[in-house]
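Since the structure comes first, as structure tokens, the remarks are kept for the end.
The values are calculated or read from the model by the stated rules, or taken from the named source; none is laboratory data. Not measured: the values here are computed from a predicted model. Cβ placement follows ideal geometry from the backbone for every residue including glycine, while neighbour counts extend to all protein chains displayed. Ligands, DNA and RNA are excluded from the accessible area calculation, which covers all protein heavy atoms including side chains. Shrake-Rupley method; radii C 1.70, N 1.55, O 1.52, S 1.80 Å.
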Amino acid sequence: PIESSRKQHVVVMAFPFGTHAIPLFNLVRKLAIAIPNTHFSFFNTYNSNKLIFLASNSSNIPSNIKAYNIGDGVPMNNVFTNHPIEAVELFVKATPENFYKGLEAAITEIGIKISSLITDAFLSFAVVISKEMNVPWIPVWVSVPYTFSIHVYIDLIRQLYENDEDSDSGDKTLELIPGLSKIHIKDLPDVILPINRTNLEESPFECMLSKLGRMLPQSANVDMNFYQELYPIPLLDDLKSKFPNLLNVGYLTLSMPPPPPPLLSDLDVTGCLSWLDRQKAMSVAYISFGTVATLPHNETLELAEAVEASGVPFLWSLKDKWKDYLPNGFLERTSMQGKVIPWAPQTQVLAHSSTGVFVTHFGSNSVNESIANGVPMIGRPFFGDHPVNGRIVEEIQGIGLRVEGDVLTKSRVIKSLELVLVHEQGKEMRKKVQSLKEIVLKAAGPNGSAAKDFKTLVEKLSM
Ligand code: UDP
């Protein structure tokens, strides 16, 4: 721990959707342990805080972190339809006032002026707050650096491709942007190039993200949920030239190395880890599409039929409410072949030697966890950063494949499973992902770059 007689007060602002708040909280927990005489006020919505504190054993939470629930912007008696973006838009409409209220409460309660502001990088208004309070702004980017760069170059990308007729097919690549030459226009998040949008006016959420490219260069440091060693050279050089204070603090949803076996058994409430123990090495398909995306009914059917017909042992993380989408009798017929569970201890599943492939939505944390455990992927991207992640996995890193047309059909899934689990091409993918795992293990070690960058962050917060 850093020696310091002065007490500091670091305020942290989370983006409470998808798997954004968990990596941010994990970083804060590490920081709070490293700087015990600094207070951390963690602002997040009630629902997201509840999930985090349920997931972390509360005895593991250092006493110098205090969580505050801030308003989620949902009006009383609001009835949601089924689209996850509705809650996001309501929340964004309530910003930044909800965070200002939290700030007042925390300053009064802790009685120490704020010394730094760490936020999810999506919260672009934080730059204004940091200027008002005259404190450094440290955004944390939980997605991959490629999408960070896409936001940094938003104006240029719009200028080059928005009114370009050749861009209509979406197959054009971002050749003029350093490090992004393999990314296709159709991979970009909607907010960047709204060519597919019916509503041309930006929503509050899109408006917040649109400003990122101009706000991020005003930050003191940027923290990436990534390792310096994993960047392609042009991307790293280019980002470092624009952000000399870029810090890569490593993957934030896993503790590296994985926890020892006695701790694992506590997590195995569904028995899936002991089931994995009984399967052949590298034989199992682990299936999960993260916490937000819902696989359409027809694709759930096709996937289930493919898995059953292939005979591949499977572990499927599927919420109970979507089990009705499975084919009639599927659970009974496949009870010896696989397991459907409402939630999996994913990092432990991916670390298990029986896991052979991860069928995923290409969410950033899922991709990171697959790489850190050397597991090749089959992906079906949905929205946001998923298509970019899929492109990187398939074309840049060669450690998985993206299902044709980004839609699951029985024949495509059977073909993909065979390719990854049996064919030479799959073996190649496994070799490549295993070598990335080695790089991550080294970078995450005590003398690796992530520890060095983390130390720099600790020093900055302690100044
Ligand atoms: N996850 C898990 N068990 C599950 C499904 C997901 O532990 O059954 C975790 C997974 O390990 C990852 C996160 O949920 O850390 C999903 O994050 P990601 O960025 O991949 O997707 P999102 O949920 O943001 O769409």
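Results, tabulated for the structure shown:
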quantity: Global form of the stretch 68-195, assessed from the alpha-carbon gyration tensor, a/c cut-off 1.5; calculated: oblate
quantity: Heavy-atom accessible area per residue - the stretch 107-252, 1.4 Å, Å²; calculated: 42
quantity: The stretch 374-423-the stretch 345-366 distance, computed between alpha-carbon centres (Å); calculated: 13
quantity: Long-range amide H partners of A67 with built H, under 5 Å; calculated: F42
quantity: Rounded to 10°, Cα long-axis angle of helix 21-34 versus longest principal axis of the chain; calculated: 50
quantity: Segment D164-N47, extension gain: residue separation times 0.36 nm, minus the distance between their alpha carbons; calculated: 37.8 nm
quantity: Karplus-derived 3J(HN,Hα), 6.51/-1.76/1.60, for each residue of the stretch 383-396, Hz, glycine and proline x; calculated: 7, x, 8, 4, x, 5, 4, x, 4, 5, 4, 7, 9, 8
quantity: Full-stretch length increase - N134, N78 - with 0.36 nm per residue and alpha-carbon distance subtracted; calculated: 16.4 nm
quantity: Segment Q434-E202, length gained on full extension (0.36 nm per residue, minus Cα span); calculated: 79.4 nm
quantity: For T119, distant residues with modelled amide H under 5 Å away; calculated: M13, I138, V140
quantity: Along principal axes, Cα extents of the stretch 381-463, largest first, whole Å; calculated: 58, 29, 17
quantity: Cα gyration tensor shape for the stretch 350-412, rounded if a/c is under 1.5, else prolate or oblate; calculated: oblate
quantity: Degrees, to the nearest 10: 424-443 long Cα axis against longest axis of the chain; calculated: 20
quantity: Protection proxy ranking of 279-286, 84-91 - average other beta-carbon atoms within 10 Å, highest first; calculated: 279-286, 84-91
quantity: Length-normalised contact order of the chain in % [C-alpha pairs under 8 Å, at least 6 apart]; calculated: 14
quantity: Radius of gyration, Dmax [the stretch 11-107; alpha carbons; angstrom]; calculated: 14.1, 45
quantity: Summed residue charge, Cβ within 15 Å of P342's Cβ, Lys/Arg positive, Asp/Glu negative; calculated: +1
quantity: Column: log10 I(q)/I(0), Debye, Cα scatterers of the chain, q = 0.08, 0.11 Å⁻¹; calculated: -0.47, -0.93
quantity: Label point distance in nm, K242-A220, each placed 7 Å from Cα along Cα→Cβ; calculated: 2.2
quantity: Portion, in percent, of the accessible area of the chain that falls on carbon or sulfur, probe 1.4 Å; calculated: 55
quantity: Surface per residue (accessible, 1.4 Å probe) for the stretch 333-377, Å²; calculated: 26
quantity: Other-chain or far-sequence residues with amide H under 5 Å of I378's (modelled H); calculated: F358, V359, T360, L401
